[in-house]
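Pasting a structure here, questions to come.
The values are calculated or read from the model by the stated rules, or taken from the named source; none is laboratory data. The structure displayed is predicted, hence computed values, not measured ones. Using ideal geometry, Cβ is built from the backbone for each residue, glycine included, and neighbour counts are taken over all protein chains shown. Quick note on the areas: whole protein, heavy atoms, side chains included, nothing else; ligands and nucleic acids left out. Shrake-Rupley method; radii C 1.70, N 1.55, O 1.52, S 1.80 Å.
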Amino acid sequence: LNSVPSQSSIEKITHLQPPKLLLVEDDEDLKFIIEDVLLSKGYEVIAVTNGIEALEKLSGFAPDLIISDLMMPHMDGFTLLQRVRNSPNIGAIPFVIITAYTSNQEARRARELGADDFLVKPFTADDLLTLIRTRLQRSQSIYIFNTREAHLQTVLMLANVIEARDEETHKHVERVQKLAVGFGQALGWGPDKTGILEIGSVLHDIGKIMVPRTILNKRGPLNKTESELIRQHPYNGARMLTGVTHLAPAIPYVLYHHERWDGQGYPFGLASDHIPIEGRMLALVDAYDAMTSNRPYRAGMPHDQAVREIIEHRGTQFDPTLTDQFLQVIANHTGA
Ligand SMILES: [Fe+2]
């Protein structure tokens, strides 16, 4: 069996690959400065000096964002933009134009060709970084939104496979999903964050696929090896999602849902707000559903008793502030 994962492997999982940027700028000084600023912020940058070189790079490299000057020799920014937008594989990549001035005509033409933003010279490093950050976040949320339904179906299928192996979790995933989304909304989370929450809550136990059925469904107490194997499910689940771009944002739910406020949880034994909020909130939802649902060998606890249990573990197992907020949600949820 693997032991508990190291800090560096957590880093690898929780920090996704750095965004990749293609910079197209014929002014060597400006190109060097921009590249330097972007590299210093951890972006991966490929820099070229005109549209033709950019297209060559793009044949083997799909950046998350293209930043291009307009006036350049050989192929200008307009032509590059047009060529990018007409290519099926790279056509949707956000495109930011750097320009010395914006005439209305020029801006309109760039918009018509599908430019996403303008960066007007002279600009500061802050202007540049803010624009890139905003644009990358925006394109990620559009991507998540557009593909949300399709992903959710795939994800539900995966979750159903896990449920089918586990006698205890009948409909658990679906209830956790509904309750978690209600909780997220009550916390004031927007559609982006709630969309990721929805995927995270459905997939939170996906790592259990690595646990043999006999252990998963064992009635008696588990021996040390067996319980160690079960305790690896958050980490194994997170590892499974690491390479999947559209599911990776849900990793914190998978990885941290068994951490405890007092540091006695797993896999890392993180305490208090060192536990990402995704884990702290899902821990409440997961525990409430586990307590109130029926099992093959016992009936579920009544709502009031589960509430008392949660209150009793407020500040030890659960984040105290989130506990109070969650209790309000389930009070409304059950109509009690
Ligand atoms: Fe779990």
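Kindly provide the set of residues from segment 51-77 that are farther than 20 Å from residue 246 by Cα and surrounded by 20 or more Cβ atoms within 10 Å (Cβ to Cβ), ordered by number.
If the condition is that a residue be farther than 20 Å from residue 246 by Cα and surrounded by 20 or more Cβ atoms within 10 Å (Cβ to Cβ), then 51, 54, 58, 66, 67, 68, 69, 70, 72, 77 are the ones that fit.
Next question, about the same structure. Answer with yes or no whether residue 169 is modelled with pLDDT under 90, within 16 Å of the ligand (Cβ to nearest atom) and in contact with a helix residue (DSSP H, G or I) (Cβ under 9 Å, 6 or more places away or on another chain).
So residue 169 passes the test.
Within segment 196-312, considering only helices (runs of 4 or more DSSP H) that don't extend past its boundaries, which have at least 1 residues that are surrounded by 14 or more Cβ atoms within 10 Å (Cβ to Cβ), within 24 Å of the chain's Cα centre (by Cα) and of a type in the set (Asp, Glu)? Before the answer, list the steps.
On the way: elements: 213-216, 224-231, 233-242, 251-256, 277-292, 303-312.
Of the helices (runs of 4 or more DSSP H) lying wholly inside segment 196-312, those with at least 1 residues that are surrounded by 14 or more Cβ atoms within 10 Å (Cβ to Cβ), within 24 Å of the chain's Cα centre (by Cα) and of a type in the set (Asp, Glu) span 277-292.
Cβ-Cβ distance below 6 Å, separation of 6 or more or different chains: which pairs start in segment 104-126 with a residue that is part of a helix (DSSP H, G or I) and end on one that is open to solvent by less than 60 Å² (accessible area, probe 1.4 Å)?
110/97; 113/81; 125/37
Looking at segment 216-253, which of its residues are farther than 20 Å from residue 151 by Cα and either more than 14 Å from the ligand (Cβ to nearest atom) or in contact with a strand residue (DSSP E or B) (Cβ under 8 Å, 6 or more places away or on another chain) (or both)?
Selection gives 217, 218, 219, 220, 221, 222, 223, 224, 225, 226, 228.
State yes or no: is residue 151 at positive phi and open to solvent by 20 Å² or more (accessible area, probe 1.4 Å)?
In short, no.
Let me ask you something else. Mind listing whichever residues of segment 254-267 are within 14 Å of the ligand (Cβ to nearest atom) and touching a helix residue (DSSP H, G or I) at 6+ places or on another chain (Cβ under 7 Å)?
Across segment 254-267, the qualifying residues are 254, 255, 256, 257, 258, 259, 266, 267.
Being at pLDDT below 95, on the phi < 0 side of the Ramachandran plot and not small (Gly, Ala, Ser): is that true of residue 320 here?
No, not satisfied.
Of the numbered conditions (1) open to solvent by 30 Å² or more (accessible area, probe 1.4 Å); (2) within 16 Å of the chain's Cα centre (by Cα); (3) small (Gly, Ala, Ser), residue 188 satisfies every one except a single condition; which is it?
(2)
Any idea which residue in segment 313-328 is most open to solvent (accessible area, probe 1.4 Å), counting only those that are farther than 15 Å from residue 290 by Cβ and among the hydrophobic types (A, V, I, L, M, F, W, C)?
The residue in question is 327.
Residue by residue through segment 177-208, note down the ones that are closer than 19 Å to residue 149 by Cβ and within 16 Å of the ligand (Cβ to nearest atom).
177, 180, 197, 199, 200, 201, 202, 203
What are the pairs with Cβ atoms under 6 angstrom where one residue, in segment 27-38, is more than 18 Å from residue 100 (Cβ to Cβ) and in contact (Cβ under 8 Å) with a residue 24 or more places away in the chain and the other, located anywhere, is of a type outside the set (Ser, Thr, Tyr) and surrounded by fewer than 17 Cβ atoms within 10 Å (Cβ to Cβ)? Sequence gap at least six, or different chains.
Matching pairs, first to second residue: 37/125.
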